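Below is one structure, written out as structure tokens; the observations come after it.
The values are calculated or read from the model by the stated rules, or taken from the named source; none is laboratory data. Keep in mind it's a predicted model, so treat the numbers as computed, not measured. Virtual Cβ from ideal backbone geometry, glycine too; neighbours counted across all protein chains shown. Calculation scope for accessible area: heavy atoms of the full protein, side chains included, ligands and nucleic acids excluded. Shrake-Rupley method; radii C 1.70, N 1.55, O 1.52, S 1.80 Å.
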Amino acid sequence: MTKVAWIGLGAMGVRMARRLADAGHNLTVWNRTPGRAEVLAAADAHVAATPVEAVRDAEVVFLMLADPAALGEVIKRADGVAAGVGAATIVVDMSTVGPVAVARLGAVLPLGVTLLDAPVLGSLAEADAGTLTLLVGGPADAVAKVRPLLSILGDLVHLGSAGSGAAAKLVADFARLGTVGVLGEALAIADGLGLPREVTWRALAHTPLAAQAARRRAVVESGDFLARFALAMARKDADLIVAAADAESAGFGNLDDAAVLDHIPSPHGKPESTAISEAVTTAHVPHYSWGDGCDGWRLVDTTGLSVIEERMPPGTAEEWHVHERARQFFYVLDGQATMRTLDGEIALHTGAGVQIAPGSPHQMANTCSRDLRFLVISAPTTRGDRRPCPEPLQIGEQA
């Protein structure tokens, strides 16, 4: 029996949490609207008064919040999740919030907490039956530890490092929402051409829309659009997708219409990413090396912007005393680090980032057993004083 906390009891969350309770796990729940927890109280779950009470002493904490704003509020409030989770806790974020929100979540969780992102594919019936598909990102050892719990909810697909599950969910949602939209347009065209609906359905059965047409036919014909997945939530997911990508096709007028499938993923039509990926290359850019075994590559150096990829061996700590007033952002590509500033310490996992105020001294330490890879993004371009820091940065020390 595992001690589990569940935060967020919407239509999906309450069903998923109920399955864990029915499986005999020690479950504590919290929801922003307290009344929704009553059904779980009847299933012997403990209902906490605050998020910090819910997660205190929990081995695994599940988050199932509506959107990035709700997730951030529940995590960072004074009596929130970050204030209560212990160093050995595994936090599983099952919300559909996108990889940027997952990175922000990882940046505010205490040092030692492991974060997995595991958004789901499926709706209410799948949540009830435990047949959801879980798109999971995060360390393999942590995934193995929570696999028995996740298997109660559905089929687990481990996709890679933290943030990959959240990113994959946006891709899946894009495909689903796009298909439903095209189906609607096809029905509208058929009606405009005067085709009887029966003929339209028969025609669609021989197209790439066949599966969706068969699935949606009964709902369309009955007009009974039950809120299995609220339109407002679909709009939220669509907004996340739009924020992550804006593909435009041009110059392919004389090609087969399927050419768009080649163009959209190509460099010419590639969307602007909201998170820095591991695809950043260090080839053909200035390379620097420090005596402490660290390497750096200046990927971008233009007026107002500097992007440097750096590698730090295990146990290495570096400090920066920024001479120019510059805003800096550190983003971890691979590994785990601690960022220490005048305001305290922040744990950074793969996919997490932190912004440093202009002119602020700061120290970054590699706290994992492998090389730490991260990006330093500065605006305007800065030539800060970077040096090995064998001793912790002294609060109050200035350049």
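Observations
- Summed over region 96-119, the residues that are assigned to a strand (DSSP E or B) and either open to solvent by less than 10 Å² (accessible area, probe 1.4 Å) or at pLDDT 95 or above (or both) give a count of 2.
- Pick from region 194-220, criterion over 37 Å from the mean Cα position of the chain (by Cα) and either outside any helix (DSSP H, G or I) or modelled with pLDDT under 85 (or both), ranking: surrounded by the fewest Cβ atoms within 10 Å (Cβ to Cβ): G194
- Residue in region 43-56 that is part of a strand (DSSP E or B), more than 20 Å from the chain's Cα centre (by Cα) and in contact (Cβ under 8 Å) with a residue 12 or more places away in the chain present: yes
- In region 267-363, counting only strands (runs of 3 or more DSSP E) that sit wholly within it, the ones holding 1 or more residues that are modelled with pLDDT under 75, touching a His at 6+ places or on another chain (Cβ under 9 Å) and over 19 Å from A107 (Cα atoms) span 317-321.
- For M64, the conditions (1) open to solvent by less than 20 Å² (accessible area, probe 1.4 Å); (2) in contact with a Phe, Trp or Tyr (Cβ under 8 Å, 6 or more places away or on another chain) are fulfilled apart from (1).
- Among (1) in contact with a Pro (Cβ under 8 Å, 6 or more places away or on another chain); (2) of a type outside the set (F, W, Y); (3) outside any loop (DSSP other than H, G, I, E, B) - the single one A87 does not satisfy: (3)
- Residue in region 7-23 that is farther than 24 Å from K169 by Cα, open to solvent by less than 20 Å² (accessible area, probe 1.4 Å), modelled with pLDDT of 90 or more and not in a loop (DSSP other than H, G, I, E, B) present: yes
- When each of D141, D173, D191, D128 is tested for being assigned to a helix (DSSP H, G or I) and under 28 Å from R340 (Cα atoms), the lone residue that passes is D141.
- Checking each residue in region 131-148 for being open to solvent by 10 Å² or more (accessible area, probe 1.4 Å) and not hydroxyl-bearing (S, T, Y) picks out L135, P139, A140, D141, A144, K145, R147, P148.
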